[in-house]
Amino acid sequence: MVKTKMFTDLVNDIDPSVQINRWLDKHPDYIVVDVKLSTDFIEEDNQLCCTALVIYREYENV
């Protein structure tokens with residue numbers, strides 16, 4: 001089954017790549033299918049926001 005998980009630097013100000021690597025360290029059995037990256041500029045805060053969507057599958061014994 002294909003699943004997704006989203007990471008953003010808005011919540012805790014940690015770079016999404018760091019968050020993804022930490023998450024993958026905890027889940028070595030996940031198979032990453034794709035990563036989609038998006039950046040947005042928030043004018044009110046004069047801040048660049050980075051969001052990453054990881055598309056993955058859990059390893060399945062067949």
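The values are calculated or read from the model by the stated rules, or taken from the named source; none is laboratory data. Since we're looking at a predicted model, the values are computed, not measured. Cβ coordinates were reconstructed from backbone atoms using ideal geometry, including for glycine residues, and neighbour counts include every protein chain displayed. Heavy atoms of the whole protein, side chains included, go into the accessibility calculation; ligands, DNA and RNA do not. Shrake-Rupley method; radii C 1.70, N 1.55, O 1.52, S 1.80 Å.
Whole number in Å², please: accessible area per residue of the chain, 1.4 Å probe, ligands, DNA and RNA not counted.
Values: 4840 Å² over 62 residues.
Result: 78 Å² per residue.
What is the spin-label model distance, in nm, from PHE41 to TYR59 if the labels are put 7 Å beyond Cα along the C-beta direction?
Inter-label distance under the simple model: 4.4 nm.
With no solvent and one equal point scatterer placed on each C-alpha of the chain, evaluate the Debye formula and give log10 I(q)/I(0) for q = 0.16, 0.17, 0.19, 0.26 Å⁻¹, two decimals.
Summing over Cα pairs of the chain leads to -0.55, -0.61, -0.72, -1.09.
Based solely on its DSSP helices, what 222 nm [θ] is calculated for the chain when runs of n ≥ 4 H residues each add -39,500 (n - 2.57) and the sum is averaged over all residues, nearest 500 deg cm²/dmol? Don't skip to the end; give the middle numbers.
Values: 2 runs with 15 residues, N = 62.
Counting only the DSSP helices, I get -6500 deg cm²/dmol.
Relative to the longest principal axis of the C-alpha atoms of the chain, give the angle of the C-alpha long axis of helix 16-26, reported between 0 and 90° and rounded to the nearest 10°.
30 degrees
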